[in-house]
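The next block holds one structure in the form of structure tokens; read it before the comments.
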Amino acid sequence: MRGFAERMDVDDVERLLADRVSALDAEPVSIREAAGRVLAEDIRSTVDVPGFRRSAMDGYALRGEDTFGASSYNALRLKLIGASMPGQGFDGELETGQAVRIMTGAPVPEGADAVMMAEYCEESGTEVEVRDAIAPLKNVGAIGEDIRQGQDLLARRRRLRAQDLGVLASIGMSEVLCVRKPRVQLVVTGNELLAAGSCPQGHQIVDSNSVMLAVLIERDGGVLLPFEILPDDPDTIAAALQNRDANLVLVSGGSSVGIEDHAPRLLRELGKLDFHGVAMRPSSPAGGGRIGSAHVFLLPGNPVSCLCAYEFFAGPSLRRLGGRSAAWPHRRVRLPLARKINSVIGRTDYVRVAIEEHEVVPIATSGASILSSTVKADGVVIVPQALEGIAAGEKVEVRLYDEDWTG
């Protein structure tokens, strides 16, 4: 065994990854399946929406000037010549002194320039009495009122929401170009590991990292490929590292410098080891590199270290591959620190904290293997390498684990 000769700064690793990881190519996606996907093209409308003048009210289409002088004491009579319904307009042109019954969303007939609300009107045989005046263009939706032909609607790199897909449908699009979803291979190693769902027994422990990573991969827009727990065997691990279907490979465990830590050597031999050993706590054995076109991340086996290394390095890279923002997706709050946080200049610390009575309280039990500490915590405070700690009373930024936290 040997220690790390040197460790890279977190900032340097983040800059390296920002330079080397970019969005994947595009693929056509049905708008019915595009929710949450990232646009790979700018969208400009080729049509007007609506493509016809439409009524904003149930009532009567007429000429506004025909109603001038009408009131509850002076009803004016117009000849009722037909009806206009959604999807089936009135076939003809309205003339002075005439009206057409009309429903909301129906096309306004030629010759009409206003729609009088039904409550100010009363039908009587072939006539309609109008008891109020209305200005021309009132209650008439213009052509292109919603979307104009040639209008820029959505910009590339936008993550599509329900209303975005509705707009795409309204301009006649059935599919859209989206950034391909990154495919992720998990390489979980360890002779001591049992599959999730097993009961711990003897000197064996249950693999929790794959469960945690699967959720994070889904959160960040990746597609998890099938995987199984692998023994600490170099040939088996080497085969798993070279999955040509993967855009990103996450190795859980075996990332340090022990005799059973094969992944760093294999990554160096099979591709390129860009970094190994980071000046941070936890997760100092984290590493990364490339095999072919796939980006590979070495995540420590200790669960909190695994979570930390994913959030700092693998998560942002996965989001970049999928065209998303690399920024941490956590909601953030600023609150005063209840107790001092100790750190060391030259090291970045990932400090689990709870929020109690609107103060930030560092979690006392914070070892890298104590996964339950992240359950007790409301979030984390990142102490940058330039600080040797943060004093009690100072306001700190907390990156919240739970998006719905309200304090």
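Some notes on this structure:
- Arg281 being surrounded by fewer than 21 Cβ atoms within 10 Å (Cβ to Cβ), under 30 Å from Arg158 (Cβ atoms) and assigned by TED's automatic domain parsing to the domain that holds Gln242: no
- Among the residues making up the range 190-220, those that are exposed (fewer than 14 other Cβ atoms within 10 Å of the Cβ), among the aliphatic types (A, V, I, L, M) and within 18 Å of Ser372 (Cβ to Cβ) are Val211, Val215.
- Once the range 186-236 is narrowed to residues that are under 20 Å from Cys308 (Cβ atoms) and touching a Gly at 6+ places or on another chain (Cβ under 6 Å), the residue that is modelled with the lowest pLDDT is Gly190.
Yes/no matrix, rows are residues, columns are (1) outside any loop (DSSP other than H, G, I, E, B); (2) over 18 Å from the mean Cα position of the chain (by Cα); (3) at pLDDT below 95:
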residue	(1), (2), (3)
Ala5	no, yes, yes
Val13	yes, yes, no
Asp19	yes, yes, no
Ala23	no, no, no
Arg32	yes, no, no
Gly51	no, yes, no
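- When the helices (runs of 4 or more DSSP H) confined to the range 250-358 are screened for residues that are of a type in the set (Gly, Ala, Ser), modelled with pLDDT of 95 or more and within 23 Å of Phe227 (Cβ to Cβ), those reaching at least 1 such residues are found at 303-309, 315-321.
- The range 61-77, residues that are assigned to a loop (DSSP other than H, G, I, E, B) and either in contact with a strand residue (DSSP E or B) (Cβ under 9 Å, 6 or more places away or on another chain) or more than 13 Å from Glu122 (Cα to Cα) (or both): Arg63, Phe68, Gly69, Ala70, Tyr73, Ala75
- Residue match in the range 126-135 (condition: outside any loop (DSSP other than H, G, I, E, B), in the same structural domain as Arg63 (by TED's automatic domain parsing), modelled with pLDDT under 95 and not hydrophobic (A, V, I, L, M, F, W, C)): no
- Any hit, the range 324-341, residues being crowded, with 18+ Cβ neighbours inside 10 Å and under 30 Å from Ser22 (Cβ atoms): yes
- Hits in the range 22-56 - residues which are among the aliphatic types (A, V, I, L, M) and within 16 Å of Gly89 (Cβ to Cβ): Ala56
- Qualifying residue in the range 202-211 (condition: farther than 24 Å from Leu24 by Cβ, free of Cβ contacts under 8 Å to residues at least 12 places away in the same chain and in the same structural domain as Cys308 (by TED's automatic domain parsing)): yes
- Yes/no for Ala364 being without any contact (Cβ under 8 Å) to a residue 60 or more places away in the chain, assigned by TED's automatic domain parsing to the domain that holds Pro282 and among the hydrophobic types (A, V, I, L, M, F, W, C): no
- Filtered by the rule that a residue be in contact (Cβ under 8 Å) with a residue 40 or more places away in the chain and aliphatic (A, V, I, L, M), the range 98-109 gives Val100, Ile102, Met103, Ala106, Val108.
- Only one of the numbered conditions (1) part of a strand (DSSP E or B); (2) under 21 Å from Asp132 (Cα atoms) is violated by Thr104, and that is (1).
- Residues that are within 17 Å of Arg399 (Cβ to Cβ) and not aliphatic (A, V, I, L, M), drawn from the range 274-304: Arg281, Pro282, Ser283
- Candidate set: the range 45-97, residues that are free of Cβ contacts under 8 Å to residues at least 24 places away in the same chain and charged (D, E, K, R); chosen: the one surrounded by the fewest Cβ atoms within 10 Å (Cβ to Cβ): Asp91
- Subset of the range 98-126 (residues that are loosely packed, with under 14 Cβ neighbours inside 10 Å and touching a Lys or Arg at 6+ places or on another chain (Cβ under 7 Å)): Thr126
- Single residue of Ala56, Ala83, Ala75, Ala70 found to be in contact with a helix residue (DSSP H, G or I) (Cβ under 9 Å, 6 or more places away or on another chain) and of a type in the set (Gly, Ala, Ser): Ala70
- Test: residue in the range 150-164 that is closer than 30 Å to Val211 by Cβ, in contact with a strand residue (DSSP E or B) (Cβ under 8 Å, 6 or more places away or on another chain) and either among the acidic types (Asp, Glu) or at pLDDT 95 or above (or both): yes
The values are calculated or read from the model by the stated rules, or taken from the named source; none is laboratory data. As the structure is a computational prediction, the values presented were derived from the model and not from experiment. Cβ atoms come from the backbone with ideal geometry, glycine included; neighbour counts cover every protein chain shown.
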